[in-house]
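J.: After the structure tokens below, expect a handful of questions from me.
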Amino acid sequence: MTGAAAGVRYIDDAERRARLGARHALARPVADPVAAARAVVALHATDPAGVYVAAAARTGLGPTAHTARALYDDRVLLRMLGIRRTMFIAPLDLVPVMQAAATEAVAVVQRTRYEKLIAEAGGGDGAWLRQVEEATLAALRARGSATAAQLSTDVPELRFAFPAPPGKKYGGQSSITTWVLLLLSTRGLIVRGRPAGTWVSSQYVWWPAETWFADHGPESPHRAVLDTADAQVELVRRYLAAFGPATATDIAWWTGWAGRTVKAALARLQPVEVEVATGPALVLAQDVDPVPPPEPWVALLPALDATPMGWSQRDFYLGGHKAALFDTMGNVGPTVWADGRIVGGWAQRPDGAVVFSLLEDVGAETAARIADRAEALTGWMDGVRIVPRFRTPLEKELAG
């Protein structure tokens with residue numbers, strides 16, 4: 001503990017872990033995937049299968065059909081690009097917040113990059129790229145919904161090929177289809193619908209946004225248009241509600257924003273300073289009171305889950321396990337949790353069985369509960385094999 005100033009409340013690691021367990025819906029399951037997403041602001045969706053595992057961990061191993069229904073039938077969750085140019089599953093009321101606070105800036109950066117690469121490959125300029133976007137949107141509206149392959153048949157310009165970027169492991173040529181669809185989606189004009197394959201697939205059927213949300217009506221929360229600064233304040237508010245106490249450095253890491261942007265949002269939000277084991281941190285003004293510990297709990301979270309990826313300073317829940325559970329780029333693998341701490345990792349063997357390794361002594365009773373959860377997760381997977389997009393040392397070792 002560092003020396004806390006007079007009147008500044010000290011929140012020890014035990015209480016931080018209690019907050020994590022209760023607020024991230026890990027100590028007590030929530031009713032549905034929408035509540036699971038809200039518990040961590042939004043679910044990380046770089047790995048399509050990870051969304052389902054993350055939701056299941058927070059809903060008492062609710063079936064994949066519940067998450068699919070929320071995404072594709074009820075359409076109350078949306079897959080969208082957001083902070084850090086990362087894919088998230090967002091509740092509808094978060095969509096305009098993420099759009100204004102992060103996605104629009106991502107779109108500007110990506111457009112500049114794509115225009116440069118296309119020009120270097122002998123293609124058209126920015127105006128040409130805009131024309132391709134509009135032609136693609138028109139083709140999608142004409143079809144009603146379509147895969148990327150179908151759209152590249154309708155719009156020949158989408159098949160413009162460019163060489164793989166220097167230094168990449170893959171070779172050959174690629175088309176601009178994915179780039180154009182990303183730009184249209186970051187403008188909020190098209191959305192990713194149901195996967196073309198199973199729930200672990202990353203190939204989506206695309207829809208015009210106005211068609212996808214036709215049943216929601218003009219009052220749907222996703223239709224709101226927000227000021228950028230207002231949206232940034234709201235996004236930080238939601239982050240601190242779920243992840244506080246946290247530092248400005250944590251917020252900058254989580255959002256991917258420059259320090260000045262974080263500072264401006266905090267100046268308007270006016271959080272309260274508290275003290276944690278590593279020094280000063282921030283909580284919302286109404287969130288200073290002590291939080292009692294929940295009942296003992298265990299959880300198996302997927303790779304890139306929003307909880308372990310939520311802070312840049314992770315000592316209070318990670319301990320000395322970073323080398324085994326993170327790759328060299330900072331991506332976390334599948335983790336085993338007990339009472340707010342990461343205590344091990346897990347993986348699936350080729351036969352589909354979930355296996356785990358504990359990196360510290362958790363006692364016989366907790367170890368038995370983790371074993372029960374691994375067995376339950378094996379049954380929940382029902383023979384589907386999940387391989388994380390970013391492999392980590394312990395996951396690779398356990399998977400065999």
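The values are calculated or read from the model by the stated rules, or taken from the named source; none is laboratory data. Worth saying up front: this structure is predicted, and the values here are computed from it rather than measured. Neighbour counts run over all protein chains shown; Cβ positions are idealised from the backbone, glycine included. Ligands, DNA and RNA are stripped out before the accessible areas are found, and what is left, the full protein with its side chains, is counted by its heavy atoms. Shrake-Rupley method; radii C 1.70, N 1.55, O 1.52, S 1.80 Å.
J.: Suppose we keep only residues that are touching a Gly at 6+ places or on another chain (Cβ under 8 Å) and of a type in the set (A, V, I, L, M) within segment 247-277. Which one would you say is least open to solvent (accessible area, probe 1.4 Å)?
T.: Ala252
J.: Inspect segment 92-100 for any residue being more than 20 Å from Arg192 (Cα to Cα), modelled with pLDDT of 95 or more and in contact with a Gly (Cβ under 9 Å, 6 or more places away or on another chain) and give the result as yes or no. Before the answer, list the steps.
T.: Filtering segment 92-100 down to residues more than 20 Å from Arg192 (Cα to Cα) leaves none.
The answer is no; no qualifying residue exists.
Per-residue answers, yes or no, for (1) farther than 19 Å from Thr247 by Cα; (2) modelled with pLDDT of 95 or more; (3) open to solvent by 10 Å² or more (accessible area, probe 1.4 Å):
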site	(1), (2), (3)
Gln286	no, yes, yes
Pro294	yes, yes, yes
Ala299	yes, yes, no
Gly310	no, yes, no
Gly333	yes, yes, no
Gly344	yes, yes, no
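J.: Moving to a separate point now. For residues in segment 65-87 being more than 30 Å from Arg113 (Cα to Cα) and of a type in the set (A, V, I, L, M, F, W, C), which is surrounded by the most Cβ atoms within 10 Å (Cβ to Cβ)?
T.: Initial filter on segment 65-87 (more than 30 Å from Arg113 (Cα to Cα)): 65-76.
Restricting the remaining residues to those that are of a type in the set (A, V, I, L, M, F, W, C) gives 65, 68, 70-71, 76.
Details: Ala65: 11, Ala68: 18, Ala70: 21, Leu71: 25, Val76: 19.
Among those that are more than 30 Å from Arg113 (Cα to Cα) and of a type in the set (A, V, I, L, M, F, W, C), it is Leu71.
J.: If I filter segment 200-241 down to residues being of a type in the set (Ser, Thr, Tyr) and outside any loop (DSSP other than H, G, I, E, B), which single residue comes out as least open to solvent (accessible area, probe 1.4 Å)?
T.: First, the residues of segment 200-241 that are of a type in the set (Ser, Thr, Tyr): 201-202, 204, 211, 220, 228, 239.
Keeping just the survivors that are outside any loop (DSSP other than H, G, I, E, B) gives 204, 211, 228, 239.
Details: Tyr204: 29, Thr211: 61, Thr228: 60, Tyr239: 1 Å².
Per the criteria, the residue is Tyr239.
J.: Where in segment 1-64 are there helices (runs of 4 or more DSSP H), lying wholly inside it, with at least 1 residues that are open to solvent by 30 Å² or more (accessible area, probe 1.4 Å)? Before the answer, list the steps.
T.: Details: elements: 13-23, 33-39, 48-58.
Fully inside segment 1-64 and qualifying: 13-23, 33-39.
J.: Of all residues in segment 131-162, how many are part of a helix (DSSP H, G or I), under 13 Å from Ser175 (Cβ atoms) and open to solvent by less than 40 Å² (accessible area, probe 1.4 Å)? Give the steps one after another, and end with the answer.
T.: Of segment 131-162, the ones part of a helix (DSSP H, G or I) are 131-143, 148-154, 156-159.
If we keep only those that are under 13 Å from Ser175 (Cβ atoms) too, we end up with 132, 136, 148-149, 151-153, 156-159.
In the following step, the residues that additionally are open to solvent by less than 40 Å² (accessible area, probe 1.4 Å) were identified as 132, 136, 148, 151-152, 158.
Matching residues across segment 131-162 total 6.
J.: Within the bounds of segment 88-102, is there any residue that is touching a helix residue (DSSP H, G or I) at 6+ places or on another chain (Cβ under 7 Å), farther than 28 Å from Asp215 by Cα and open to solvent by 10 Å² or more (accessible area, probe 1.4 Å)?
T.: Scanning segment 88-102, I find no residue that is touching a helix residue (DSSP H, G or I) at 6+ places or on another chain (Cβ under 7 Å), farther than 28 Å from Asp215 by Cα and open to solvent by 10 Å² or more (accessible area, probe 1.4 Å), so the answer is no.
J.: Buried (at least 21 other Cβ atoms within 10 Å of the Cβ) and either within 22 Å of the chain's Cα centre (by Cα) or not aromatic (Phe, Trp, Tyr) (or both), is that true of Leu398?
T.: On the way: buried (at least 21 other Cβ atoms within 10 Å of the Cβ): no; either within 22 Å of the chain's Cα centre (by Cα) or not aromatic (Phe, Trp, Tyr) (or both): yes.
It is false that Leu398 is buried (at least 21 other Cβ atoms within 10 Å of the Cβ) and either within 22 Å of the chain's Cα centre (by Cα) or not aromatic (Phe, Trp, Tyr) (or both).
J.: Let me ask something else about it. So which strands (runs of 3 or more DSSP E) are wholly in segment 275-378 and hold at least 2 residues that are within 27 Å of Gly60 (Cβ to Cβ)? Break it down stepwise before answering.
T.: Working: elements: 279-283, 298-301, 335-338, 341-348, 354-358.
By residue number, 298-301, 335-338, 341-348, 354-358.
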